[in-house]
Amino acid sequence: RPYVRRKGHPKILLMGQRRSGKSSIQNVICNKMAPAETLYLESTNTLQTASINSFTEITFSELPSHIPASSPEIATPQNYASLGAVLWLIDIQDEYLSTLPSLIQTALFFHTHYPRLHFSVLVHKTDGLSPEYRNEAYREIRQRVQDELSDAGIPEYEIAFYQTSIFDLSIFDAMSKILQGLIPQLPALEALLTRLCSACGMQKAYLFDTASKLYVATDSGPAVLKDYEVCADYVDLIVDIKALYGWQLEAKGRRKSDENGEENIGESVVTFEKSGEAYVYAREITEHLSLICIMGKGSTPDKRVLIDYNVSLLQDAVVEIFKM
Ligand code: GDP
């Protein structure tokens, strides 16, 4: 789906019934709150906003369930004209069918007034449920929503569905995909990562926002949650090393020479090590972005020189892309 062309930075609105998990998601993603701590979150009564400062500011707002999207105080051009995506949360551990009418009503409102906005449904709190129950409920919700949209005369309205939980990385994976729909640089970044994979025999490459662990882009090969999980662990490592050694590149993206006139590229290269079967290559690309790659089968450490070279080219290209 094409990205939403809106002025300013990506803005995402979270909606859904009371206790469906809106504040929890906001806090886990923006404030690094431990999932278990969300148990003690107070209910919110007003529009609340939190943000991530990445290569651009990414804003998450939460609309309390008693305020409908169409309420005149909220439905102002200031609030909605710059919005990129609306997420509707369904608590799958609760009586979820009764919440579908308000979901449909909200979807219809946005389709009528802001048809280019991305609308997604998060079938949330999937932890602790059997895969059979979870998948069945997910299918049922999807089918019902699609039936309702057909009955309303808009069967073509594209709504994305995700299964999420804050107790694993599925919420980060879903949020990454939603965010990517709001990033104009996505096609260029994807093309670079795909080329890197084929040049270096990589299985999968992710460009992460280092602070939030959301990935901004990945190569065009098949993506599975397991690969994302392996790579996300290395983002923590980058964060730790960053805290120890600081950032070595100048803002304009050129490599700074140290006192001996040698390039300081080493500091940004974090690791190339074996993780289970495969080697993982992790390297900071800009102040906010990190590249984490899973090498293909049969990869050996002597490939490192080739990879370093190709990643330097990618690094220069990424800096250029974000400058434009
Ligand atoms: P809000 O009213 O929509 O903002 O909901 P909250 O974020 O306050 O969450 C309500 C409750 O749901 C809290 O006790 C959270 O700990 C819990 N919760 C949120 N996300 C999840 C999840 O993915 N799985 C489970 N099991 N509980 C969750």
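The values are calculated or read from the model by the stated rules, or taken from the named source; none is laboratory data. Treat the numbers as computed from the prediction; the structure is a model and nothing was measured. Cβ placement follows ideal geometry from the backbone for every residue including glycine, while neighbour counts extend to all protein chains displayed.
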Of the listed residues (A211, A243), the one being over 17 Å from Y279 (Cα atoms), modelled with pLDDT of 50 or more and in a loop (DSSP other than H, G, I, E, B) is A211
Among (1) exposed (fewer than 14 other Cβ atoms within 10 Å of the Cβ); (2) in a loop (DSSP other than H, G, I, E, B); (3) within 13 Å of the ligand (Cβ to nearest atom), S71 falls short only on (3)
Based on this model, can you work out whether K7 counts as of a type in the set (K, R) and either within 16 Å of the ligand (Cβ to nearest atom) or at pLDDT 90 or above (or both)? no
When (1) within 14 Å of the ligand (Cβ to nearest atom); (2) closer than 28 Å to R139 by Cβ are applied to L41, the one that fails is (2)
If we keep only residues of the range 108-128 that are in contact with a Ser or Thr (Cβ under 9 Å, 6 or more places away or on another chain) and part of a loop (DSSP other than H, G, I, E, B), then the residue nearest to W88 (Cα to Cα) is K125
Among residues of the range 52-66 being in a loop (DSSP other than H, G, I, E, B) and within 12 Å of the ligand (Cβ to nearest atom), the residue farthest from N31 (Cα to Cα) is H66
Of those in the range 75-99 that are part of a loop (DSSP other than H, G, I, E, B) and over 26 Å from the mean Cα position of the chain (by Cα), the residue nearest to T46 (Cα to Cα) is T76
Subset of the range 147-163, residues in a helix (DSSP H, G or I) and either aromatic (F, W, Y) or without any contact (Cβ under 8 Å) to a residue 12 or more places away in the chain (or both), comes to D147, S150, D151
The lone condition P77 fails out of (1) surrounded by fewer than 11 Cβ atoms within 10 Å (Cβ to Cβ); (2) farther than 27 Å from P115 by Cα is (2)
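Just to be sure before I move on: is S102 away from the ligand (no atom under 14 Å from the Cβ) and either assigned to a loop (DSSP other than H, G, I, E, B) or in contact with a Pro (Cβ under 9 Å, 6 or more places away or on another chain) (or both) in the structure I sent?
On the way: away from the ligand (no atom under 14 Å from the Cβ): no; either assigned to a loop (DSSP other than H, G, I, E, B) or in contact with a Pro (Cβ under 9 Å, 6 or more places away or on another chain) (or both): yes.
Considered against the rule, which asks whether it is away from the ligand (no atom under 14 Å from the Cβ) and either assigned to a loop (DSSP other than H, G, I, E, B) or in contact with a Pro (Cβ under 9 Å, 6 or more places away or on another chain) (or both), S102 comes out as no.
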The lone condition K32 fails out of (1) within 7 Å of the ligand (Cβ to nearest atom); (2) under 17 Å from the mean Cα position of the chain (by Cα); (3) surrounded by fewer than 17 Cβ atoms within 10 Å (Cβ to Cβ); (4) not acidic (D, E) is (1)
Scanning the range 214-231 for residues that are in a helix (DSSP H, G or I) and touching a residue at least 24 places away in the same chain (Cβ under 8 Å), the one farthest from Y309 (Cα to Cα) turns out to be L225
(1) without any contact (Cβ under 8 Å) to a residue 60 or more places away in the chain; (2) within 14 Å of the ligand (Cβ to nearest atom); (3) of a type outside the set (F, W, Y) all hold for L14 apart from (1)
Being under 26 Å from A36 (Cβ atoms), outside any helix (DSSP H, G or I) and modelled with pLDDT of 85 or more: is that true of I166 here? yes
